[in-house]
Structures are given as structure tokens and as C-alpha cells.
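The values are calculated or read from the model by the stated rules, or taken from the named source; none is laboratory data. In this text, all values refer to a predicted model and were calculated from it rather than measured experimentally. Virtual Cβ from ideal backbone geometry, glycine too; neighbours counted across all protein chains shown. With ligands, DNA and RNA removed, areas are computed over all heavy atoms of the protein, side chains included. Shrake-Rupley method; radii C 1.70, N 1.55, O 1.52, S 1.80 Å.
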Amino acid sequence: MSKHLVLVGGGHAHMTVMLNLAEFVERGHRVTLVSPSPYHYYSGMGPGLLGGTYRPQQVRFHIRKLVEKRGAGFVEDRVTSIDAEKRQLRMASGDVLDYDIASFNTGSGVPLQVAGAQGGEGVVPVKPIVNLLQARRQILQNLGGKSQNLLVVGGGPAGVELAGNLWRLANLAGGQAQITLLAGSRLLRHFPDRARQLALTSLQERGVQVLEGGRTTSVANGKAELNDGRTLAYDLAFIAAGVKPSPIFADSGLPVGEDGGLLVNDQLQSIAHPELFGGGDCISLQGKPLAKVGVYAVRQNPILHANLLAALEDRPLISFKPQPRYLLILNLGNHRGILCKGRWIWEGRLPFLFKDWIDRRFMKTFQVSGELREGNANEHL
């Protein structure tokens, strides 16, 4: 019997499903993808987009073309609430979409209040990734004038990559910029000390100021205030201080984890509503909290593909087994990287080249044919 599968969000964890949608359609099922944009930008290449290593076409998927080419429908809208009892999704437009099975891959956002940021002019949350493209264009327009004060708030991997790639952007453009990384209590505090030292040395040798031991209490109106009394002026402030799932699940009365993500079992299925699934940053795995890193979303791809089709046809589900250690490579912005896996740390050009190869291969797998030729001539800026 034909059923309706709704995919909410076209992120990493839904890629295998989207690539194989013809399989769902051929079995008589109807599939709809809901996303606020026809494009999805790959977060792993976001810092490289900011620094100019990649063009916009190289870091995005045309998800509308991807799904429509395979017989599914696309709705350009945003889900604002879930009525699990009625199996309905309410949209920002006011439209309502019925589903038999729904799967969420809506990613995460940067809660500005964590950094005391108030949003507005000059404040750039690092998610969605398209924000980095817009910031890049703004910086290039302004670098021809006075020196720019560029501030990065957040001492995790994203903060390190952003600071390094802002250096690359200013350096290649021949402009003047003072780049400051507010690293909180300690740069890369969840990483081995060797990784921290390598990142710190790389940034400082290129003139990036790294401040540890304080946190921002306010970021607004061109001024960042720290809890130790220091203040810093900025032209642009990039907020990379942690990520959180959308509040949509909690606001809809669904069980959530401590971070607000949809609480799911090992089958990536809501613990309260078996017709709801999810993957990536927007979920919380029951009893096994996971870091918000793309590798888990990528590993959840085949699990969601198998389980969504099985759920539509009332067949047994398979389990997701997260690996205890994962590979993470930081793009430092100077064609060098830091590779981390457990206690193993490696810095150099080869880690960057390895990351570049992994990312390009991932993109090639899911990009629509001819997508790299799209866009106007100045999109590499």
C-alpha cells in the first residue's frame, strides 16, 4: 500500500536516501523533501569557502534537482511544528503536510545567547553555512579601505578553522585585518594538548591573536565585552560558540535529549513515535550522547536509508552503532591541517590534502551532474 515519506531537511544524513529515492518511488511510495532552500551547503567545507579554497558551487548540493530528478516532490518551506498524533507538519507558510513516515535532518544552529550576542549588523552566526559566503563578500568589499577587525568567538574546531581561513582571505586579497580568536577557557579544550599547541602556534605565527581564559558576556554594536572586563572592537564577529538543535522538537512536545535534539533509539527512531526518524546534529541518541560532528551524520546515511524503507513496508529495522573514536581534520587556512583521532595527532600539508580529497569525493557522490557549472561568473568571490 502506497505511503507518504516526508524528509525534513536535506543534510548529510539524508544524502543516501535522496540519492536512492527512485527505489522508494518504484515501490509505490510518495516522497516529499521539505527545505527552506533548494541548496544545502556542506559544513565540512564551510571554512574553505570563507577562505577562498572552494567556490560556492563546490560546497553545495542542489537538493531540489537531486530529488525531483528521482521522482520525489520538493517543498521550499520550513517546518515550524510537528503534530505527532495527527501525523502532520505545519509550515512557516501556514501550509500543513500529512505524513506516514517523517525523517528529520535539520542540523543545528548557533545559539547567539551562549556568547551574549544579540545578532544584528556585524554579527555572523557560523550556521547556516551560507552566512560564511555572505560574510566573505562583505569582507572583500571592505578590505580595500581601513584595516578590518575580525573577531571569532569560540575556541573549538570551528573557531580554529574560521580564524585560519579569515587569515587566508585577507592575505590573498592583499588587505589588512586584525583577527582575534576568543577561545573561552582554553583553545581546543576537549582535544589533546599537542593539538592545542599546534593550532595555537599556527595561528599566532600568522598574526592571529588568541585570547584564552575569558568568555564573552555581550557581542553587539561593534563591541565585545568579556567577563574579565576586557572589551574588543570588531567590524565583523563570527559566533562559533557551540551548536544546538532547533527547538522544534521540544516545542512540539516530543521527547528530547539534554541538548534539545529529538531523542531516538539505536534505529534512529523517536522513542515515543516510531513513525518519526532523524539523523545528524538534530537528534540525541538515547544513552549515547554524540559529539556534533559530520562523521556521525555520514555514518547514519545507510541506516536511515534502510530503516525508512523498512518502516514504510513494516519490515524489521537495523541499528546504528557509533564508533568510539572518529577522524577529525582541521583546515588551518594555509593548506595545512591537523589530523586528530584519539590521542594520535598529525599536523602538516598531507592532513589537509587528505581532508580535501575526502570532502571532494563526498561532494562528487551526491552532487547533481553539471552543478559545478552553475552560477554566475563572480560566484568564486
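At R0 = 22 Å, how high is the FRET efficiency between Asp193 and Ala173 if r is their beta carbon distance? Nearest 0.05 is fine.
0.05
Write down the accessible area per residue of segment 281-321 in Å², having rolled a 1.4 Å probe over the full set of protein chains.
That works out to 45 Å² per residue.
Rounded to a whole number, what % of the accessible area of the chain do carbon and sulfur atoms account for, probe 1.4 Å?
So the carbon and sulfur contribution to the accessible surface is 49 percent.
Which listed residue (Pro245, Met15, Gly184) has the Cα farthest towards the positive end of the charge dipole for the chain, taking +1 on Lys and Arg C-beta and -1 on Asp and Glu C-beta about the Cα centre?
Gly184
How much net charge surrounds Lys321 when only other residues with a Cβ under 15 Å from its Cβ are counted (Lys, Arg +1; Asp, Glu -1)?
For residues surrounding Lys321, the net value is +2.
Residue-wise, which Karplus ³J(HN,Hα) couplings in Hz belong to segment 92-98, taking 6.51 cos²θ - 1.76 cosθ + 1.60, θ = phi - 60°, and x for glycine or proline?
Here the 3J(HN,Hα) series is 4, 6, x, 5, 10, 10, 7 Hz.
Residue separation times 0.36 nm, minus the C-alpha to C-alpha distance between Arg30 and Asn227: what's the value?
Full extension of this stretch gives 65.6 nm more.
Counting only other residues whose beta carbon sits under 12 Å from that of Ala177, what net charge do I get with K and R as +1, D and E as -1?
Counting the neighbours of Ala177, the net charge comes to +2.
Read through the labelled values (i) 64, 44, 44; (ii) 95, 85, 43; (iii) 63, 47, 41 and report the label of the one computed as Cα extents along the principal axes in Å from the structure.
After the calculation, the listed value that fits is (i).
Set the bar at 22 Å for Cα to Cα. Now go through Lys65/Lys364; Lys127/Lys321; Lys292/Lys321; Lys244/Lys288; Lys127/Lys288 and name every pair that lies beyond it.
Lys127/Lys321; Lys127/Lys288
Could you name the aspartates and glutamates in cross-link range of Lys3, using Cα to Cα under 13 Å and dropping any fewer than eight places away on the same chain?
Glu26, Asp98, Asp100, Glu275, Glu313, Asp314
I'd like the orientation of helix 193-205 relative to the chain: the angle between its Cα long axis and the longest Cα principal axis, in ° from 0 to 90, rounded to 10.
Taking Cα atoms only, the helix is inclined about 50 degrees.
Restricting the count to DSSP beta bridges whose residues both fall in the chain, what percent are antiparallel, rounded to a multiple of 5?
Taking every DSSP beta bridge with both residues in the chain, the antiparallel ones total about 45 percent.
Excluding Leu198 itself, calculate the net charge of residues whose Cβ lies under 10 Å from the Cβ of Leu198, where each Lys or Arg counts +1 and each Asp or Glu counts -1.
+1
Can you tell me how much longer the chain between Leu19 and Arg325 gets when fully stretched, taken as 0.36 nm per residue apart minus their C-alpha distance, in nm with one decimal?
107.4 nm
Give the distance, in whole Å, between the Cα centre of segment 1-55 and the Cα centre of segment 123-183.
28
What figure, in Å² to the nearest 10, do you get for the accessible area of Leu232 with a 1.4 Å probe and non-protein molecules left out?
Solvent-accessible area, nearest 10 Å²: 40 Å².
Relative to the longest principal axis of the chain, what angle (0 to 90°, nearest 10) does the C-alpha long axis of helix 294-312 take?
Computed tilt is about 10 degrees.
Using DSSP to call loops (not H, G, I, E or B), can you name the GluC sites (Glu not before Pro) in segment 84-187 whose Cβ has at most 14 other Cβ atoms within 10 angstrom?
Here the GluC sites (Glu not before Pro) that fit, given the DSSP loop and packing criteria, are Glu85, Glu121.
Let me have the relative contact order for the chain, percent, based on Cα pairs under 8 Å that are six or more residues apart.
This gives 20 percent for the chain.
Rounded to the nearest 10 degrees, what's the angle between the helix 130-142 long axis and the longest principal axis of the chain, both from Cα atoms, 0 to 90?
30
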